[in-house]
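**Q** If you scroll down you'll find the structure; I have some questions about it.
The values are calculated or read from the model by the stated rules, or taken from the named source; none is laboratory data. Predicted model only: the values in this text are computed from it and were never measured. No Cβ is skipped: glycine too gets one built from the backbone with ideal geometry, and neighbour counts run over all protein chains shown. Side chains included, ligands, DNA and RNA excluded: accessible areas come from the protein's heavy atoms. Shrake-Rupley method; radii C 1.70, N 1.55, O 1.52, S 1.80 Å.
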Amino acid sequence: MKLIIDNADIEAIKNVYEYYPVDGVTTNPSILAATGRQPYEVLHEIRDFIGSDELHVQVISGVAEDIIKEAHRIVAELGPHTFVKIPCVPEGFKAMKALVEEGVLLTGTAVYTPMQALLAAKCGVNYVAPYINRIDNMGYDGIGVEKHIHDIFKNNNLTTEVLAASFKNSQQLLELCEYGIGAATVAPDVITGLVKNPAITAAVDDFRRDFEKLTKPGKTMYNL
């Protein structure tokens with residue numbers, strides 16, 4: 001499973017990259033708005049830091065012709081490794097078909113149903129991004145929908161991968177990882193929470209104390 005950061009705060013992104021093996025960054029208009037800065041200023045800063053790793057950037061337009069224009073600008077600004085996020089609605093599908101023909105990397109977003117995901121996959125997008133918690137909040141099973149979409153893709157030999165989004169805890173991520181979901185985009189606090197456990201901290205501290213009893217405080221295998 002690819003692990004992608006769902007955030008546009010460059011300091012948070014740098015912190016996660018320093019410690020964890022991640023594969024890129026996803027953004028959306030709300031995430032960009034939270035920075036209080038101009039979108040391309042933020043996005044160029046992220047691209048410069050992450051290099052050729054995946055960067056997902058969402059269009060705003062609601063008409064296919066304008067979506068295509070936005071996609072061209074996004075790729076021109078941020079490079080060919082950038083995935084253009086397009087909502088899975090009729091005008092979005094129209095734009096997806098045209099952009100796939102051009103070889104533009106695409107992520108179908110605002111996905112709540114398996115049928116949306118199937119239509120986007122048949123258009124040829126690289127990813128679809130179903131929203132786990134938003135689906136849960138509608139009274140459905142977000143994890144179940146993600147698995148259903150994954151099964152539809154595999155059973156129909158579709159190359160599109162699920163990019164699971166909108167997590168609230170690490171257990172959700174673990175369950176989808178076990179199921180073989182292709183990628184997940186996760187907020188920094190959920191990523192850091194993957195190994196935030198008092199038992200882990202206690203075990204490391206115990207090993208250190210036992211070693212220092214054998215040697216003396218401050219000694220390691222390096223400076224004995």
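**Q** Go through (1) open to solvent by 20 Å² or more (accessible area, probe 1.4 Å); (2) at pLDDT 95 or above and name the single condition Lys168 misses.
**A** (2)
**Q** Further question: Can you work out which of the residues in the stretch 45-61 that are open to solvent by 60 Å² or more (accessible area, probe 1.4 Å) and of a type outside the set (Asp, Glu) is farthest from Thr82 (Cα to Cα)?
**A** Ile60
**Q** Could you please find all residues in the stretch 23-44 being open to solvent by 80 Å² or more (accessible area, probe 1.4 Å) and touching a residue at least 24 places away in the same chain (Cβ under 8 Å)?
**A** Ala34
**Q** Six or more apart or on different chains, Cβ atoms under 9 Å: show the pairs whose first residue is in the stretch 8-22 and of a type in the set (Ser, Thr, Tyr) and whose second is open to solvent by 70 Å² or more (accessible area, probe 1.4 Å) and at pLDDT 95 or above.
**A** Qualifying pairs under 9 Å: Tyr17/Phe49.
**Q** Would you call Ile86 part of a strand (DSSP E or B), surrounded by 15 or more Cβ atoms within 10 Å (Cβ to Cβ) and touching a Leu at 6+ places or on another chain (Cβ under 8 Å)? Give the derivation first.
**A** Details: part of a strand (DSSP E or B): yes; surrounded by 15 or more Cβ atoms within 10 Å (Cβ to Cβ): yes; touching a Leu at 6+ places or on another chain (Cβ under 8 Å): yes.
For Ile86, the condition - part of a strand (DSSP E or B), surrounded by 15 or more Cβ atoms within 10 Å (Cβ to Cβ) and touching a Leu at 6+ places or on another chain (Cβ under 8 Å) - is met.
**Q** Do we have Ile74 as under 16 Å from the mean Cα position of the chain (by Cα) and either free of Cβ contacts under 8 Å to residues at least 24 places away in the same chain or surrounded by 13 or more Cβ atoms within 10 Å (Cβ to Cβ) (or both) here?
**A** Considered against the rule, which asks whether it is under 16 Å from the mean Cα position of the chain (by Cα) and either free of Cβ contacts under 8 Å to residues at least 24 places away in the same chain or surrounded by 13 or more Cβ atoms within 10 Å (Cβ to Cβ) (or both), Ile74 comes out as no.
**Q** So Phe153 ticks every box in (1) touching a Phe, Trp or Tyr at 6+ places or on another chain (Cβ under 7 Å); (2) closer than 17 Å to Met1 by Cβ but one. Which box is left unticked?
**A** (1)
**Q** Additional query: Somewhere in the stretch 189-197, is a residue under 18 Å from Ile135 (Cβ atoms) and either surrounded by 14 or more Cβ atoms within 10 Å (Cβ to Cβ) or touching a residue at least 60 places away in the same chain (Cβ under 8 Å) (or both)?
**A** yes
**Q** Looking only at the stretch 204-224, count every residue that is surrounded by 11 or more Cβ atoms within 10 Å (Cβ to Cβ) and not basic (Lys, Arg) and tell me the total.
**A** Summing the residues that are surrounded by 11 or more Cβ atoms within 10 Å (Cβ to Cβ) and not basic (Lys, Arg) in the stretch 204-224 gives 3.
**Q** Another one. Assess whether Lys14 counts as being loosely packed, with under 15 Cβ neighbours inside 10 Å and basic (Lys, Arg).
**A** Considered against the rule, which asks whether it is loosely packed, with under 15 Cβ neighbours inside 10 Å and basic (Lys, Arg), Lys14 comes out as yes.
**Q** Then there's this: Within the stretch 151-205, how many residues turn out to be touching a strand residue (DSSP E or B) at 6+ places or on another chain (Cβ under 8 Å) and either of a type in the set (A, V, I, L, M, F, W, C) or part of a loop (DSSP other than H, G, I, E, B) (or both)?
**A** Here the count works out to 18.
**Q** Now a separate question. Assess whether Leu99 counts as being assigned to a helix (DSSP H, G or I), of a type in the set (A, V, I, L, M, F, W, C) and over 17 Å from Pro29 (Cα atoms).
**A** yes
**Q** Exactly one condition in (1) in contact with a Phe, Trp or Tyr (Cβ under 7 Å, 6 or more places away or on another chain); (2) more than 19 Å from Val186 (Cα to Cα); (3) not β-branched (Val, Ile, Thr) is false for His56; which is it?
**A** (2)
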